[in-house]
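Have a look at the structure below, then the notes.
Computed from the coordinates by the stated procedures, all read-outs in this text should not be read as laboratory data. Every value quoted in this text rests on a predicted model; they were computed, and no experiment measured them. Neighbour counts are summed over all protein chains in view; Cβ atoms, including those assigned to glycine, are modelled from backbone coordinates with ideal geometry.
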Amino acid sequence: MDPKTIAITRPVGKGSDTAELIKSLGWTPFIFHTVELKPLDEQMILDQIQSCLTHQIDWIVFMSCTGVKLLFDIITSHPNLPRIPPETRFLAVGPRTRESLLHYGITQTTVPEKYSSTGLDEWFSQLNRKNPRIVLIRSLSADALLANSLRAKGATVTTVNIYDSAMPTDLQSVFDFLNGLRLGQFAAVLFTSAISVSNFFTIAETKFEGTGLIHRLNRILVGAVGPVTAERLRNRGVETNVPDEYLIEKAIAKLISQRTQLQAS
């Protein structure tokens with residue numbers, strides 16, 4: 001395998017755009033899937049949406065492009081559902097999620113400075129409006145830290161769990177990564193979410209014993225998109241080199257820059 005190969009975690013079915021970016025930078029991508037985004041039962045989602053749309057909503061917050069697509073596809077296919085109140089405003093966790101909203105005709109979307117739950121929490125902390133009514137559209141696997149923090153500030157928060165960040169049905173790409181890691185075929189690896197880290201170690205522990213996996217990871221550059229992902233890696237004993245970037249594109253660029261500097265020194 002090309003010594004200029006970067007491995008990156010992406011959900012099942014995603015990663016082609018990331019692979020093209022890496023190729024454009026003169027490197028070889030290796031996409032492996034530690035997460036599969038699975039829609040929850042439609043009736044369960046409908047019940048949640050029906051309940052929250054019967055009340056005033058100040059903000060609908062989207063944590064991913066997947067959440068945008070699933071919500072609007074369900075609303076579109078069920079015309080008897082209550083409509084989103086016209087005064088509702090929209091908040092997207094990052095630029096890609098904002099682009100997904102634009103596809104559904106939502107042209108006015110706010111994005112926080114930091115593309116993470118922490119960034120959303122900080123953004124609401126600076127909001128002048130008191131006691132906003134907020135709907136969070138997110139994964140069933142997400143923790144309640146954001147919702148609890150917003151409630152502590154006086155917000156009324158409803159969480160709509162619309163999909164689950166589950167273990168992939170097909171684990172072959174992870175096994176291929178582990179084999180390549182064992183053979184020293186990667187210059188760097190980038191973990192793009194905290195759940196991708198957790199699932200990866202759950203899968204990897206069936207192939208590695210003891211500290212062998214940690215040792216091999218620490219022999220290459222390891223990047224993390226966002227501080228929560230970085231913390232989860234550090235808790236496992238893995239040193240992270242890119243813990244402060246919230247965009248995959250910037251994290252990739254930084255990893256490549258650091259690897260190039262190491263080779264030149």
- Item | Per DSSP, loop GluC sites (Glu not before Pro) in segment 170-239 with at most 14 further Cβ within 10 Å | Glu205, Glu209, Glu239
- Message: Placing +1 on the Cβ of each Lys and Arg and -1 on the Cβ of each Asp and Glu in segment 38-166, which of Pro39, Ser64, Ala152 has its Cα farthest towards the positive end of the resulting dipole?
- Response: Ala152
- How high is the relative contact order of the chain, in percent, counting Cα pairs under 8 Å that sit 6 or more residues apart? 21
- Using alpha-carbon positions, what is the distance between the centroids of segment 124-143 and segment 68-122, in Å? 12
- Item | Average projected area [Cα convex hull, the chain], square nanometres | 15.1
- Task: Have a look at Leu101, Ser125, Asn80 and report the one farthest towards the positive end of the charge dipole of segment 38-166, computed about the Cα centre with Cβ charges (Lys/Arg +1, Asp/Glu -1).
- Result: Ser125
- Query: Working out 0.36 nm times the residue gap between Ser125 and Ala19, then minus their Cα-Cα distance, what length gain in nm do you get to one decimal?
  - Reply: 34.5 nm
- Would you kindly derive the ³J(HN,Hα) couplings of segment 157-166 from the backbone phi angles with the Karplus curve 6.51 cos²θ - 1.76 cosθ + 1.60 (θ = phi - 60°), listing them in order in whole Hz, with x for Gly and Pro? 10, 10, 9, 9, 7, 10, 7, 10, 8, 8
- In percent, what relative contact order does segment 60-200 have, based on Cα pairs under 8 Å that are 6 or more apart in sequence? 22
- Using a cut-off of under 18 Å, list every residue of segment 11-44 whose amide N is near the label point 7 Å from the Cα of Arg216 along the Cα-to-beta-carbon line. 30-34
- Once you have the Cα-Cα distance between His103 and Lys153, take 0.36 nm times their residue separation minus that, and quote the gain in nm to one decimal. 14.8 nm
- Using alpha-carbon pairs under 8 Å, 6+ residues apart, how would you state the relative contact order of segment 23-97 in percent? 38
- Message: Given axes a ≥ b ≥ c from the Cα gyration tensor, I'd like to know whether segment 38-166 is rounded (a/c under 1.5), prolate (a/b larger than b/c) or oblate.
- Response: rounded
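Rounding to the nearest 20 debye, state how big the charge dipole of the chain is about its Cα centre with +1 on each Lys and Arg Cβ and -1 on each Asp and Glu Cβ.
500
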